[in-house]
Amino acid sequence: MKVASSLKTLKSRDRNCRVVRRKGRLYVINKVNKRFKARQG
């Protein structure tokens, strides 16, 4: 999982990426291709 200050570019890495808020943190997850994961902060 990548930790980034901005998720804008990480969201556009793949078509199936979604930005999800969990426990006050922003995550980028991808159900199809599991390697595209990121967290903000």
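Every number here is computed from the coordinates shown, using simple stated rules; none is lab data. Not measured: the values here are computed from a predicted model.
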Whole-Hz ³J(HN,Hα) for each residue in region 15-29, computed from phi via Karplus 6.51 cos²θ - 1.76 cosθ + 1.60 with θ = phi - 60°, x for glycine and proline: what do you get? 6, 9, 6, 10, 9, 10, 9, 9, 6, x, 10, 9, 10, 10, 10
For the chain, report the % of Cα-Cα distances exceeding 13 Å. 42 percent
